[in-house]
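In what follows, a single structure is set out as structure tokens and then discussed.
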Amino acid sequence: MPWRKRWIDPREFEGREEDLGDVLAKRAYEVWVSEVMLQQTRVSTVIPYFNKWISTWPTVQDLADANHDDVLSVWKGLGYYSRATRLHDGAKAMIANKSTGSSCLIPSSATDLQQFPGIGRYTAGAISSIAFGEAEPVLDGNVARVLSRQLGLYMDAKEKRASDILWEQADQLIKRVSTYADTSTSAVPGQWNQALMELGSTICTPRPRCEECPIQDTCRVYSEGQALSDKRESTTVIDIEDACSLCGPVDTEDVAIAPEEDSREETSRATKKRKTGAKQANTISHYFAVGTPKSNAETEEDEDSGDYPPSDEHRKRKTPTSAANSKSIAAYCSLFPKKSAKKKVAEEECFPQCTLSGSQTTPRDRKASAQGFISRLDIGNVQMSKAHYVASFPPLVHVFTHLKLTMHAYRYKITADKAEDVDLVCNGPLARRWTDTESMDGATLSTGMRKCWELIANTL
Ligand code: SF4
């Protein structure tokens, strides 16, 4: 990943504050751009965009000076264009508010960073820790999943209460781990945050690969899953599940009845056996009753002794687990964090750039509405009311995270007697312009609009 770089140690720049400021600002800018691009986008998709962006605007000053159409054009294809706009706005605000007392254009503190457009708590934490080495936490979906599992927190991580707890825990962890460096800023915070993010995106995924996990020993949920799959008999059932005011009840029935694709038969036999005792044994209280697994108890002792990083001997202490048990433990872990209740996604119908009202539900209504929409457009001295309907197209459905959009595209033909009658700039509150067919290939369009255009272009 081109944005992963060695931490810049200010001690290497003694007496060269200006140089240090430039180098840090560039590094912080790269982290900022990469974090914004990586929101809801895969690493492999981001890499070429990141490289092009940085070669076009190597510094925050260059981005602030850029033309906004060029910014959108370089972003073209990456989706969620508002991210590009916010990055551009943030860069302009940073240059406009440049602090005279600092040699670095980008502030190092997470609190100061959040004053700029488009920089939220997560992005601020990432810039502050990775570029400047400050002990600031990050919490994205990947980190929230790892922490929920490590802590055994069965809450919906998107809810405010859960998110507050996880931010607080992430903060305590990074403050604690950062004390192992002898300077107030160091490479440790950035490495720690990136390690958590990486673990969440590669191993502690929604379906985790716990057997490869380097922090399995301290994982609360793994221990619970282990206790459940060991099927050890409880002698004294201390039901403290109800005592927790944070976690919801965990329904482990799904773990018992969902066989893995590749071992359906073997699992279904084990499942039948397990289902009999599931009601009695598959509870977290059972975990408490059977006691904390040995590896965990030892880990806690090590933590108290301040032995960091863990020794090789410590790492070797994993108890071998059978393949069947591994699957059932991973299945239990995958229940965490608690899944959000699915909200019904809003639905909307539109022509490109024009939302239809709920009453325009029939093809006839929509066609009449399209005719009205066209006649209100403006193209100089040409009378748009005389625009000639040519064709309509099958609806295109585009699903966003918050919205299911059904787009209706129509083709109209307008005739102008003289070229001078045509004005390519479309007046009105929305910024629109007429363009020719050839220019459409290079135009910056959202994915939905691009699909609409392709539909029409195929008929030309
Ligand atoms: S042991 Fe499994 S659930 Fe726990 S942190 Fe590691 S991968 Fe995630």
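Looking at Lys343, Lys339, just one residue is modelled with pLDDT under 85 and part of a loop (DSSP other than H, G, I, E, B), and that residue is Lys343.
Restricting to segment 407-433, what's the tally of residues that are of a type outside the set (D, E, K, R), loosely packed, with under 15 Cβ neighbours inside 10 Å and closer than 24 Å to Gly77 by Cα? Outline the logic, then answer.
To start, the set of residues in segment 407-433 that are of a type outside the set (D, E, K, R) comprises 407-410, 412, 414-416, 419, 422, 424-431.
Filter once more, keeping what is loosely packed, with under 15 Cβ neighbours inside 10 Å: 415-416, 419, 422, 424-431.
When the remaining residues are screened for being closer than 24 Å to Gly77 by Cα, the result is 430-431.
Qualifying residue count for the region: 2.
Conditions (1) closer than 28 Å to Asp217 by Cβ; (2) part of a loop (DSSP other than H, G, I, E, B); (3) open to solvent by 30 Å² or more (accessible area, probe 1.4 Å), marked per residue:
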{"residue": "Gly118", "(1), (2), (3)": "no, yes, yes"}
{"residue": "Glu136", "(1), (2), (3)": "yes, yes, yes"}
{"residue": "Leu147", "(1), (2), (3)": "yes, no, no"}
{"residue": "Asp164", "(1), (2), (3)": "yes, no, yes"}
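Scan segment 367-414 for residues that are assigned to a helix (DSSP H, G or I) and in contact with a helix residue (DSSP H, G or I) (Cβ under 7 Å, 6 or more places away or on another chain) and the total you get is 4.
Taking Ile95 as the residue in question, decide whether it is over 22 Å from Gln191 (Cβ atoms), in a helix (DSSP H, G or I) and among the β-branched types (Val, Ile, Thr). Considered against the rule, which asks whether it is over 22 Å from Gln191 (Cβ atoms), in a helix (DSSP H, G or I) and among the β-branched types (Val, Ile, Thr), Ile95 comes out as yes. Within segment 178-219, the set of residues being among the hydrophobic types (A, V, I, L, M, F, W, C), more than 16 Å from the ligand (Cβ to nearest atom) and either in contact (Cβ under 8 Å) with a residue 60 or more places away in the chain or outside any helix (DSSP H, G or I) (or both) comprises Ala181, Ala187. Check whether at least one residue in segment 181-194 is open to solvent by 60 Å² or more (accessible area, probe 1.4 Å) and modelled with pLDDT of 95 or more, and report yes or no. There is at least one residue in segment 181-194 that is open to solvent by 60 Å² or more (accessible area, probe 1.4 Å) and modelled with pLDDT of 95 or more.
I'd like to know if segment 120-127 contains one or more residues that are in a loop (DSSP other than H, G, I, E, B) and in contact with a Gly (Cβ under 7 Å, 6 or more places away or on another chain). No, segment 120-127 has no match at all. Of all residues in segment 101-158, those satisfying the criterion of being within 16 Å of the ligand (Cβ to nearest atom) and among the charged types (D, E, K, R) are Asp140, Arg145, Arg149. The residue that is nearest to Cys247 (Cα to Cα), among those in segment 323-369 that are surrounded by fewer than 17 Cβ atoms within 10 Å (Cβ to Cβ) and basic (Lys, Arg), is Lys339. Only one entry of Ser82, Ser34, Ser99, Ser73 meets the criterion of being closer than 21 Å to Phe132 by Cα, at pLDDT below 95 and in the same structural domain as Phe116 (by TED's automatic domain parsing), and that entry is Ser99. Scanning segment 325-348 for residues that are within 11 Å of the ligand (Cβ to nearest atom) and either within 11 Å of Ser148 (Cβ to Cβ) or polar (S, T, N, Q) (or both) gives Ser326, Cys333, Ser334, Leu335, Phe336, Pro337. In this structure, does Met37 turn out to be assigned to a helix (DSSP H, G or I) and closer than 22 Å to Pro2 by Cα? Yes, satisfied. State whether one or more residues within segment 66-81 are within 25 Å of Gln191 (Cβ to Cβ) and assigned to a helix (DSSP H, G or I). The answer is no; no qualifying residue exists.
Against the definition (touching a helix residue (DSSP H, G or I) at 6+ places or on another chain (Cβ under 9 Å), among the aliphatic types (A, V, I, L, M) and at pLDDT below 95), how does Leu105 come out, yes or no?
Numbers: touching a helix residue (DSSP H, G or I) at 6+ places or on another chain (Cβ under 9 Å): yes; among the aliphatic types (A, V, I, L, M): yes; at pLDDT below 95: yes.
In short, yes.
Taking into account only those residues within segment 1-30 that are among the aromatic types (Phe, Trp, Tyr) and outside any helix (DSSP H, G or I), which is most open to solvent (accessible area, probe 1.4 Å)?
The qualifying residue most open to solvent (accessible area, probe 1.4 Å) is Trp7.
When Lys158 is tested against (1) in a loop (DSSP other than H, G, I, E, B); (2) within 25 Å of Met1 (Cβ to Cβ); (3) not aromatic (Phe, Trp, Tyr), just one condition goes unmet, and that condition is (2).
The values are calculated or read from the model by the stated rules, or taken from the named source; none is laboratory data. The structure displayed is predicted, hence computed values, not measured ones. Please note: Cβ atoms are built from the backbone with ideal geometry, for glycine as well, and neighbour counts cover all protein chains shown. SASA here: full protein model, heavy atoms, side chains in, ligands and nucleic acids out. Shrake-Rupley method; radii C 1.70, N 1.55, O 1.52, S 1.80 Å.
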